[in-house]
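First comes the structure, then the notes that go with it.
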Amino acid sequence: MTVKPRTLKTVPVVIVADWDADGATSAALIYYSQYYKKVYPLKGRHEVYLEPAGPRSLSDAVKSFLDEYGCPSVLVVLDIPFTERVRTTLYEYAKDCSSSRLIYIDHHFSTLYAAKELYKLSEEVFLGHKPTTMLTFQLLRSLGIKHVTPRLTAFMKAVGILERGYKPLSEAENRIARIAASISKASTVLRDRELWRKLVKWLASPLPQDAPIDLTTIDRVLRIAEESDKEIMDKARDLAFAARRVGYIRFVDARNKWKGRGASALASKLYKILKQPIALLVERDDGVRLLIIRARRRGAYRVAVGLMREGVAENIGGHGGLAVVKLRNDVSDEVLLEKLRRLSLKL
């Protein structure tokens, strides 16, 4: 990663966050703290550069900024799971921009598991099992920002409902949660960077403004999503009949029955149908086996970490009650099932 010399046009604070509601709302909280409250990450009013990314595109996002502006004073990474690709990107960034502060806030399993590695890169690491939005707000509260705008407050509650499966306490909360889910899905599907930036700034703004995504666009995206959702639910109903009981987990082998994206959604549908912890086995086109575990609270995380410690898993991902486990190539199905059976006792 080659960094150009800093130009006259500099942006001291860079925020890179995930596309979804949790990432966008977390980015809006940091933007609000910096741009409006002038508190964090830097004191005083400073320009902020916003960029959406995931673990695969973080490298391109960072490179794009560095090519144009050079090293910032602060890089904030929000709601992006710490993977091998992310690790490489951040180590290169730390080498090229040694004077830049790195702030990392996240709740994904792979990030929690690699916490020691992150602390080698930065002391400003804030991790936990709560949604990244909640972790970010806790940080801001510790710095004296006790309240944010009503719009941000509403979306924070909505993210809690969406990410942790909480039931809304009122019809108003339910309505906001539906709006947040719709906007999040539209942003994630469209992958429009400028639209995402407008969304973050709209969330952070204390001024009354219309949402940057029009209802026609949201309706179009939701229709596509509903068709996909129906397809996944139909497949889940078919697979539910083949579920095996492995200890306290229902195991479903879908290697010859499901290809492509959506395996996590499929596991969630199976969990909804069977109302028991689920372990769904799928295989990617490259032959890699993935085990998606769906359970209440942190049950999926406990099982995933157990598989990692037992030498069955190569790495783990996911968050909340859903874990994605990349299995080692040399682990047989029989060994996997026996490990699952014993680990299910922790649920």
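Quick note: the coordinates plus some simple rules give every number you see, no bench work behind them. All values derive from a computational prediction rather than experimental measurement. Using ideal geometry, Cβ is built from the backbone for each residue, glycine included, and neighbour counts are taken over all protein chains shown.
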- As straight-line cross-link partners of LYS201, the qualifying aspartates and glutamates (C-alpha separation under 14 Å, not fewer than 8 residues apart within one chain) are GLU47, GLU51, ASP210
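Set the bar at 31 Å for Cα to Cα. Now go through LYS272/LYS346; LYS95/LYS346; LYS269/LYS326; LYS326/LYS346; LYS43/LYS326 and name every pair that lies beyond it.
Working: LYS272/LYS346 20 Å; LYS95/LYS346 42 Å; LYS269/LYS326 20 Å; LYS326/LYS346 20 Å; LYS43/LYS326 42 Å.
Check vs 31 Å cut-off fails for LYS95/LYS346; LYS43/LYS326.
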- Item | Rounded Å value of the spacing that divides the Cα centres of the stretch 27-54 and the stretch 223-278 | 40 Å
- Can you run phi through the Karplus equation (6.51, -1.76, 1.60; θ = phi - 60°) for the stretch 228-242 and list ³J(HN,Hα) in whole Hz, with x for Gly and Pro? 5, 5, 5, 4, 5, 5, 4, 5, 4, 4, 5, 6, 4, 5, 9
- Message: Give me P(r) over the stretch 231-346, computed from all C-alpha to C-alpha distances, binned every 10 Å, as integer percentages.
- Response: 15, 54, 30, 1
- Message: What aspartates and glutamates does LYS275 reach when the alpha-carbon gap must be under 19 Å and sequence neighbours fewer than 8 apart in one chain are set aside?
- Response: GLU163, ASP229, ASP234, ASP238, ASP253
- Query: Residue separation times 0.36 nm, minus the C-alpha to C-alpha distance between VAL39 and SER73: what's the value?
  - Reply: 10.8 nm
- Item | From phi via Karplus (6.51, -1.76, 1.60), per-residue ³J(HN,Hα) for the stretch 260-272 in Hz, x at Gly/Pro | x, 7, x, 5, 5, 5, 4, 4, 5, 5, 4, 4, 5
- Simple spin-label estimate for SER332/GLN209, 7 Å along Cα→Cβ, in nm, reads 6.1 nm
- Using 1/(1 + (r/R0)^6) with R0 = 25 angstrom and r between the beta carbons of SER228 and LEU195, what's the FRET efficiency to the nearest 0.05? 0.75
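Average the reciprocal distances over every distinct pair of alpha-carbons in the stretch 5-146, invert the result, and give the Kirkwood radius in Å.
On the way: mean 1/r = 0.0670 Å⁻¹.
One decimal place: 14.9 Å for the Kirkwood radius.
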